[in-house]
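The next block holds one structure in the form of structure tokens; read it before the comments.
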Amino acid sequence: SGNVGIGTTAPAEALEVNGIVRIFDSTALKGNISALNTLGQGVPMEVRAEYIALRPSASSPSTTHPEAMRIATGGSVGIGTTAPAEKLHVYIAGNDIPLRIQTDSHVGMEMKGGTAHDIYFLLADTSTNAKMGWDHSATALKFNASASFNDNHLVVKSTGVGIGTAAPGANIETYCSS
């Protein structure tokens, strides 16, 4: 069939390996694997002890192309960054949208925390913050122009909507201390 097998007598692909493959570059302490199409375009993967990096390119593959994704040894994934600070860290330079969730029908997103814990979005730049989410201890949905749930800018509870108050006693209640 023209197929080559290592550790198998019946290879189903052009190259089939049954076992562990070791690829090592002793001068750079890394291994490089490239998956190419017939035009020589592809995705080189750089494998090191600290991370795995993918560097897709429409031209010839090279580990000098910018990284598109990195998987660090601690399990953090960076897309657009070589230093993921969280389990998933997405970065794009400039004024663009780094994340899209899309379907051809209904779309949803679930954020699930542990029992008795807050669930929130923190919107931040280098000098200001805004926090919106579920305040578990207050059993309320809160929208605050700060990083705290204590400011009570807009509070939605089963008892009503509060502006400036954490415990609205009517359908809509506003409070201002000054």
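Amide H neighbours of Ala68 under 5 Å, counting only residues 5+ apart in sequence or on other chains, H built in-plane at 1.01 Å?
Long-range HN contacts for Ala68: Leu54, Arg55.
Determine the relative contact order of the chain: mean sequence separation of Cα pairs under 8 Å and six or more apart, normalised by residue count, in whole percent.
Relative contact order comes out at 7 percent.
Please check: in the Gaussian network model of the chain (C-alpha springs, under 10 Å), which one of Ile119, Ile23, Ile71 has the largest mean-square fluctuation.
Of the options given, Ile119 has the highest mean-square fluctuation.
Can you list residues whose amide H is under 5 Å from Thr8's amide H, if they're 5+ apart or on another chain and H is modeled 1.01 Å from N?
Asn18
Can you work out ³J(HN,Hα) from phi for every residue in segment 130-142, in order, using Karplus 6.51 cos²θ - 1.76 cosθ + 1.60 and θ = phi - 60°, giving whole Hz and x for Gly and Pro?
Coupling constants for segment 130-142: 9, 10, 9, x, 8, 9, 4, 5, 9, 6, 8, 8, 10 Hz.
Could you tell me the accessible area of Thr126 in Å² (1.4 Å probe, neighbours in place), rounded to the nearest ten?
Probe radius 1.4 Å; accessible area of Thr126 about 150 Å².
Roughly how many percent of the accessible protein surface of segment 14-149 is carbon and sulfur, given a 1.4 Å probe and a whole-percent answer?
Its accessible area is 58 percent carbon and sulfur atoms.
Can you pull out the trypsin sites (Lys or Arg not before Pro) in segment 70-178 whose DSSP state is coil and whose Cβ has at most 12 other Cβ atoms within 10 Å?
Counting only loop positions with at most 12 other Cβ atoms within 10 Å, the trypsin sites (Lys or Arg not before Pro) in segment 70-178 are Lys87, Arg100, Lys112.
Sorted by accessible area (1.4 Å probe), largest first, how do Tyr51, Tyr120 line up?
Heavy-atom accessible area, descending, gives Tyr120, Tyr51.
Accessible area per residue for the chain in Å², computed with a 1.4 Å probe and the full protein assembly in place, what is it?
72 Å²
Just one of [x] 1.62; [y] 1.17; [z] 1.08 is Cα Rg over 2.2 N^0.38 Å calculated from these coordinates, so which is it?
It is the one labelled [x].
Of all the stretches in the chain, which is the longest one without any exposed loop site, taking GluC sites (Glu not before Pro) in a DSSP loop (any state but H, G, I, E, B) with at most 14 other Cβ atoms within 10 Å?
111-178
The values are calculated or read from the model by the stated rules, or taken from the named source; none is laboratory data. The structure presented is a predicted model; accordingly, all values stated were derived computationally and were not measured. Ideal geometry is used to build each Cβ from the backbone, glycine not excepted, and the neighbour counts take in all protein chains shown. All accessible areas refer to the heavy atoms of the entire protein, side chains included, with ligands and DNA or RNA removed. Shrake-Rupley method; radii C 1.70, N 1.55, O 1.52, S 1.80 Å.
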